[in-house]
Amino acid sequence: MAQGVTYADLRFVRNPPGKKATQQGTGAEDGELTYENLHGSRAHQAEEPPSAPTEETGSGCWTWKAGLAVLTATLLLLVLLATAVGLGLRYWQVSGQLRRALQVHADLSIAQEGSLAQMEVRLHRATEELNSTRETLRRSQEEAQRTRERLQEALEEANHTREDLKQKEEELQRATSCQQAGCCPSGWSLFRWRCLLVSKQEKNWENSQKECQRMGSRLLVLKEPTEATALPEAEIPLSEQQYWIGLKKEPDTWRFKVPWAWTDNSPFSWDLGQCGNSGNCGQLGQGSLLQCNCGWKSRYICEQPARPMQVAQAP
């Protein structure tokens, strides 16, 4: 094997530009080359001229830098890989948390939707119950109003009945305190503690009422339906004539129908017949009550309470 070669104190001097290098050892002005302790592996080998520097030194430097760059790139790649793995793990964790949160939110939304639907159903039922309660209350109020009206009517009727009974009692007392001949004026007939007068003249309803009032009386008011057939036929021939009585009603309006009433404001609830065209004044004829035209002229019946020794002139 060849032995190693040792160089020491090696210096190179370049020739000036434009000149060629001379052979080794041909002048001191061209440069000087010194060799020390040069040992060759071969004895017959002569001294060799110094050679120019090779690319081994530069290649070693480049190799070291390339290795350093590769190492740095590897470290960076490892760092990036570690970062990517960390980010992937973190993304997986966050994705899992997000999926769980979304699932919880979906479950909560479903539960809230179900609860909201139940609340809407309960609200609808409560609204229906409230409307039903309002309708029941309204009907109750209307029924209470009708009951109050009926009670008021019953009270008024009771007061009227009491006054009527009181009047009858007074008439009875007056009738029993006198004899039949002296209880009614001349020309008047006694009928159930009342004095009746049948006119001979014919007038319309309004003038008939005024004529009775002029004599201190009024048109006949019947207290019950049986009185229409109980009148004395001798004095009052109902089968031949029709007579105005104290029954009338105001004309109906477009809003409501006006009821019939007696002239003493007592209510009337009997059936009425018709004489020709219907009217708003009552007549008595043939044992029944008729509604006739108030402008017709007819005979009339006046009444007044029976009193002892009263004198009046018949029309």
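Here are the numbers for this structure:
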{"read-out": "Within the stretch 213-234, tally of residues that are farther than 24 Å from Ser269 by Cβ and in contact (Cβ under 8 Å) with a residue 12 or more places away in the chain", "value": "4"}
{"read-out": "Of the criteria (1) in contact with a helix residue (DSSP H, G or I) (Cβ under 9 Å, 6 or more places away or on another chain); (2) exposed (fewer than 14 other Cβ atoms within 10 Å of the Cβ), which one Arg218 fails", "value": "(2)"}
{"read-out": "When residues of the stretch 194-210 are limited to those that are crowded, with 18+ Cβ neighbours inside 10 Å and outside any strand (DSSP E or B), the one farthest from the chain's Cα centre (by Cα)", "value": "Ser199"}
{"read-out": "Residues of the stretch 243-265 that turn out to be out of contact with any Leu (no Cβ under 7 Å at 6 or more places or on another chain) and part of a loop (DSSP other than H, G, I, E, B), as a count", "value": "13"}
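Read-outs throughout are calculated quantities, based only on the coordinates presented, and are distinct from any laboratory measurement. Since the model is a prediction, treat every value here as computed from it, not as a measurement. Counting neighbours? That spans all protein chains shown, and the Cβs are built from the backbone with ideal geometry, glycine included.
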